[in-house]
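For reference, the structure discussed in these notes is given below.
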Amino acid sequence: MKKIARINKTRTMQAAVATALLAGGGSAMAQQAGDWVLGAGWLHFAPQDSSQGLNLTSPVNMHVPGSDATVSSSDTLGLSAAYFLDSHWAVEGVVGVPPKFKLEGAGTLGPIGELGEARQWSPTLLGKYYFNDGNAAFRPYVGAGLTYVWYTDVQMTPGMQNAMGGLLRRPPGSTVTTAKLDSSFAPVFNIGAAYQFDKHWGVSASVSYIPLKTTAKLTTTSASTGAQLGTSEASLKINPIVPYVAVTYRF
């Protein structure tokens with residue numbers, strides 16, 4: 001009887017140790033309130049763009065038929081930081097090293113080729129909900145949020161410079177055209193999944209969609225005197241799909 005009691009006691013202790021180990025391993029993997037997860041990786045912008053063509057706004061109001069344009073895709077380094085409010089809800093900020101986009105001519109502007117380029121800044125704030133238990137290594141998620149987009153280093157190519165001068169009946173090289181792109185807020189819709197290898201290291205992959213549009217406002221001046229000769233504008237829908245694949249570190 002004593003031998004049986006010792007065996008039962010040993011089995012009980014073994015079960016308790018196994019349970020403790022499993023619990024410890026689970027808590028090590030668990031995402032919980034107060035956790036920070038930092039990420040760095042590949043951020044890709046794939047515009048689903050369309051344009052409404054170029055419109056002269058002065059000295060006359062006139063639409064330029066067939067004057068379309070497309071926006072190139074771009075890759076950059078993405079950085080993210082997520083803070084867990086509990087085991088399911090998190091708030092995440094995402095930024096990218098500002099990518100450079102090229103504007104290519106289409107339609108009647110097609111022969112020009114590249115029209116110009118600009119850098120896009122678009123810091124994003126997301127609210128995210130993670131599925132599965134906080135102890136799970138694999139966790140799909142959905143998110144939504146807001147981004148503020150603005151542009152710098154906007155430049156027009158010589159071909160576009162001459163085309164704008166030609167619309168105003170000026171000879172090549174006699175005009176200078178500068179451009180500004182409107183800044184704006186835009187919603188962001190996000191879906192993805194995260195996988196945790198151990199307590200600290202993991203990976204995350206997501207896809208976002210941003211319904212985004214902007215208006216390019218162009219001013220053409222005389223190269224010799226600086227006097228304003230005309231203004232024009234073009235509306236662009238960019239609507240990028242944005243994949244983001246990152247290595248993550250939790251602390």
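Just so it is clear, none of the values below were taken in a lab; they were calculated from the coordinates. It should be emphasised that the depicted structure is a prediction, and the values quoted were computed from it without experimental measurement. Positions of Cβ are generated from backbone atoms using ideal geometry, with glycine treated the same way; all protein chains shown enter the neighbour counts.
What 222 nm value per residue comes from the helices of the chain, counting each DSSP H run with n ≥ 4 as -39,500 (n - 2.57) and dividing by all residues, nearest 500 deg cm²/dmol?
Result for the chain: -5000 deg cm²/dmol, rounded to the nearest 500.
If I model a spin label as a point 7 Å beyond the Cα along the Cα-Cβ vector, how far apart are those points for N61 and V154 in nm?
If labels sit at N61 and V154, their model points lie 2.2 nm apart.
Near K102, which aspartates and glutamates are there with a Cα under 18 Å away, not counting those fewer than 8 places off in the same chain?
In chain and number order, the partners are D49, D68, D75, E114, E117, D153, D182, E233.
So for the chain, averaging the separation of alpha carbon pairs under 8 Å that are six or more residues apart and normalising by length, what relative contact order in percent results?
Relative contact order for the chain comes out at 22 percent.
Counting only other residues whose beta carbon sits under 10 Å from that of R250, what net charge do I get with K and R as +1, D and E as -1?
Overall, the nearby charge balance is -1.
Test of understanding: what is the full-extension gain from W121 to A144, defined as 0.36 nm times their sequence separation minus their Cα-Cα distance?
Here the segment from W121 to A144 would lengthen by 6.4 nm.
Using the charge dipole of the chain (Lys, Arg: +1 at Cβ; Asp, Glu: -1 at Cβ; taken about the Cα centre), state which of N61, P158, P99 has its Cα farthest towards the positive end.
P99
In degrees between 0 and 90, to the nearest 10, how far off the longest principal axis of the chain does helix 158-167 point, with axes built from Cα atoms?
The angle comes out at about 50 degrees.
What nm distance separates the two modelled labels at T231 and Q48, each placed 7 Å from Cα along Cα→Cβ?
About 3.3 nm separates the two model spin labels.
State, to one decimal in nm, how far the label point of D182 lies from the label point of A40, with both points 7 Å from Cα in the Cβ direction.
Modelled inter-label distance: 3.7 nm.
Roughly how many whole Å is it from the C-alpha centroid of segment 206-251 to that of segment 127-184?
After rounding, the separation between the Cα centres reads 3 Å.
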